[in-house]
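The values are calculated or read from the model by the stated rules, or taken from the named source; none is laboratory data. In this text, all values refer to a predicted model and were calculated from it rather than measured experimentally. Glycine also receives a Cβ, built like all others from the backbone with ideal geometry; neighbour counts cover every protein chain displayed.
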Amino acid sequence: MKRRVLISGASVSGPALAYWLHRSGCAVTVVEKAGALRDGGYPIDVRGTATEVVRRMGILPQLRSAHIDLRRCTFLDADGGMVASVSPRAVAGGVEGQDLEVRRGDLARALHALVRDDVEFLFNDSINTLDQAGEGVDVTFHSGRRRTFDLVVGADGMHSRTRELLFGPEGQFHRHLGHCFAIFTMPNTLGLSREVMLWNAPGKAAALYAAGDGDELHAFLTFHRPEPPLDVLRNPVAQRELVARVFADAGWEVPGMVDAMRDADDLFFDTAGQIRMPHWSSGRFALVGDAAYAPSFLTGQGSSLALVGAYMLANALARHRDHTAAFAAYEGGVREFVALNQALVEDGAATLFPTTARALEQRNAMLRDLVTMPSPTARPAHSALALPEFASMP
Ligand SMILES: Cc1cc2nc3c(=O)[nH]c(=O)nc-3n(C[C@H](O)[C@H](O)[C@H](O)COP(=O)(O)OP(=O)(O)OC[C@H]3O[C@@H](n4cnc5c(N)ncnc54)[C@H](O)[C@@H]3O)c2cc1C
């Protein structure tokens, strides 16, 4: 009988896992709490080993056409004066002509299109309870559906409900990185085109990101907070007030950004953090992508880890009929890659969001040097995992 697998979450890791599981002969169901595929969103990167995953899925040409190909990244000081204008690759360590930057929605759509005819999608629903006392996992859904699966995988992101059901509260796995961020879209009144402008003051940063030549920008407001502001995390009104307070005396275009944030209907506020867990599986359950090992946007590696993790998990399940052996092989194969990429966070935070005047000065000096030096090559962590051939079912 076909292995029946339920995946919770239809963003990046969920559909990627569905694709590879279907290819190895599983019957796959994906449950997503949103009413439809979530479109739009900020640009994300696909680099190194993950590029090989999307090539093997056949969507590399499509993603190449969706590549944003940013022209420049301009850093500004507290008064809005230019510090340096550099190639985005010089900052993130990407490889020209190989690494991809695409809108999150474009990647999610490409992945979904690959599997939508072969995999069952249950939108507007989510897992309510899980019980693995019997031969399989008995699942009840919020809609009232009841089904039984052989395996259940949580691909439901950083604040995974599946992880909470199986392993307990997020707090024990969440590593706060000392920054909070607000992200929203706003009108492109500056006429920016395929570029990023990043304004810094010690402990505060504001970025405007033009993914194309269109009339909308992605706006980021980020600030240092050693302790996570737990009191505002579920309160959008308090989030807006906190951000407005932090940026009250900021220069450049920041006052306009704060006004736009107040009107934005897509404000996303969160703390920058990582998920670090001693194990990613338990019994017939496993986690993949941000749910298991979110590296934070400071590394720019979340989507790449999600794609590589999905491939490695499906490959392990294709090689091992026994799921316990498969989950052990998955963890063994991916853990070091995850650790190397999570470690990139120190570089990311130091480059993008220096917290003291001295650190900001040092960062600016480094940027001025970058303008005159050849671009650094790719980060070894991005390609640190050599992808095995995909197995057929034993
Ligand atoms: C502001 C920001 C900027 C980022 N920038 C980058 C970048 O530059 N480069 C990069 O590589 N990555 C970046 N990332 C990270 C990247 O988006 C994630 O790492 C990546 O999308 C992980 O994919 P995922 O599928 O595991 O999780 P997610 O993309 O978080 O998807 C989880 C899915 O599960 C669904 N879901 C949630 N709860 C439930 C539930 N209870 N039941 C059913 N479904 C549920 C959600 O609706 C969602 O569709 C950024 C993230 C943020 C927030």
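Scanning the stretch 24-38 for residues that are out of contact with any strand residue (DSSP E or B) (no Cβ under 7 Å at 6 or more places or on another chain), modelled with pLDDT of 95 or more and near the ligand (Cβ under 9 Å from one of its atoms) returns a single hit, Lys33. The requirement of being under 23 Å from Pro380 (Cβ atoms), out of contact with any Leu (no Cβ under 8 Å at 6 or more places or on another chain) and charged (D, E, K, R) is fulfilled nowhere in the stretch 307-323; no residue meets it.
Does Asp290 qualify as being of a type in the set (D, E, K, R) and over 30 Å from Ala133 (Cβ atoms)?
On the way: of a type in the set (D, E, K, R): yes; over 30 Å from Ala133 (Cβ atoms): no.
The answer is no for Asp290.
In this structure, does Phe297 turn out to be assigned to a loop (DSSP other than H, G, I, E, B) and of a type in the set (Phe, Trp, Tyr)? Considered against the rule, which asks whether it is assigned to a loop (DSSP other than H, G, I, E, B) and of a type in the set (Phe, Trp, Tyr), Phe297 comes out as yes.
Has the stretch 227-247 got any residue that is part of a strand (DSSP E or B) and modelled with pLDDT under 95?
The answer is no; no qualifying residue exists.
Scanning the stretch 135-169 for residues that are of a type in the set (Ser, Thr, Tyr) and surrounded by 18 or more Cβ atoms within 10 Å (Cβ to Cβ) yields Ser160, Thr162.
Suppose the filter is more than 12 Å from the ligand (Cβ to nearest atom) and either at pLDDT below 95 or polar (S, T, N, Q) (or both); does Leu370 pass it? So Leu370 passes the test.
Do the conditions hold for Ala306, that is, is it farther than 24 Å from Ala207 by Cα and either surrounded by fewer than 24 Cβ atoms within 10 Å (Cβ to Cβ) or within 23 Å of the chain's Cα centre (by Cα) (or both)? Full working, then the answer.
Values: farther than 24 Å from Ala207 by Cα: yes; either surrounded by fewer than 24 Cβ atoms within 10 Å (Cβ to Cβ) or within 23 Å of the chain's Cα centre (by Cα) (or both): yes.
For Ala306, the condition - farther than 24 Å from Ala207 by Cα and either surrounded by fewer than 24 Cβ atoms within 10 Å (Cβ to Cβ) or within 23 Å of the chain's Cα centre (by Cα) (or both) - is met.
Does the stretch 131-150 contain any residue that is under 30 Å from Ala357 (Cβ atoms) and without any contact (Cβ under 8 Å) to a residue 12 or more places away in the chain? Checked the stretch 131-150: no residue is under 30 Å from Ala357 (Cβ atoms) and without any contact (Cβ under 8 Å) to a residue 12 or more places away in the chain. Exactly one residue out of Ala272, Ala211, Ala318, Ala250 is among the hydrophobic types (A, V, I, L, M, F, W, C), in contact (Cβ under 8 Å) with a residue 40 or more places away in the chain, over 30 Å from Met57 (Cβ atoms) and out of contact with any helix residue (DSSP H, G or I) (no Cβ under 6 Å at 6 or more places or on another chain): that is Ala250. Restricted to strands (runs of 3 or more DSSP E) entirely inside the stretch 155-214, those with at least 3 residues that are away from the ligand (no atom under 11 Å from the Cβ) and under 19 Å from Gly80 (Cα atoms) are 195-201, 204-210.
State whether one or more residues within the stretch 347-356 are in a helix (DSSP H, G or I), crowded, with 24+ Cβ neighbours inside 10 Å and at negative phi. Lay out the reasoning, then the answer.
Of the stretch 347-356, the ones in a helix (DSSP H, G or I) are 347-352.
Within this subset, residues satisfying the condition of being crowded, with 24+ Cβ neighbours inside 10 Å are none.
No.
Tallying residues that are in contact with a Ser or Thr (Cβ under 9 Å, 6 or more places away or on another chain) and either among the polar types (S, T, N, Q) or crowded, with 19+ Cβ neighbours inside 10 Å (or both) within the stretch 226-252 yields 1. Each residue in the stretch 278-317 was checked for being in contact with a Lys or Arg (Cβ under 8 Å, 6 or more places away or on another chain) and more than 7 Å from the ligand (Cβ to nearest atom), and 6 pass.
Which numbered condition in (1) of a type outside the set (Asp, Glu); (2) surrounded by 18 or more Cβ atoms within 10 Å (Cβ to Cβ); (3) without any contact (Cβ under 8 Å) to a residue 60 or more places away in the chain; (4) within 19 Å of Ser303 (Cβ to Cβ) is the only one that Phe327 fails? Exception for Phe327: condition (4). Any residue in the stretch 152-164 that is among the polar types (S, T, N, Q) and within 16 Å of the chain's Cα centre (by Cα)? Yes - at least one qualifying residue is present in the stretch 152-164.
Scoring Gly41 on the criteria (1) touching a helix residue (DSSP H, G or I) at 6+ places or on another chain (Cβ under 8 Å); (2) modelled with pLDDT of 95 or more; (3) within 15 Å of the ligand (Cβ to nearest atom); (4) on the phi > 0 side of the Ramachandran plot leaves a single failure, condition (2). Beta carbons closer than 7 Å, at least 6 apart along the sequence or on distinct chains, pair a first residue in the stretch 31-49 that is small (Gly, Ala, Ser) with a second that is more than 6 Å from the ligand (Cβ to nearest atom) and in a loop (DSSP other than H, G, I, E, B) for Gly35/Asn124; Gly48/Ala378. What do you reckon, is Pro236 more than 19 Å from Gly41 (Cβ to Cβ) and in contact (Cβ under 8 Å) with a residue 24 or more places away in the chain? Taking the combined requirement at face value, the residue does not satisfy it.
Of Ala260, Ala292, all but one fail to be crowded, with 16+ Cβ neighbours inside 10 Å, within 23 Å of the chain's Cα centre (by Cα), assigned to a helix (DSSP H, G or I) and in contact (Cβ under 8 Å) with a residue 24 or more places away in the chain; the exception is Ala292.
Quick grid of which residues meet (1) at pLDDT 95 or above; (2) more than 15 Å from the ligand (Cβ to nearest atom):
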| residue | (1), (2) |
| --- | --- |
| Ser8 | yes, no |
| Ser13 | yes, no |
| His22 | yes, yes |
| Thr51 | yes, no |
| Leu60 | yes, yes |
| Leu63 | yes, no |
| Ala66 | no, no |
| Asp79 | no, yes |
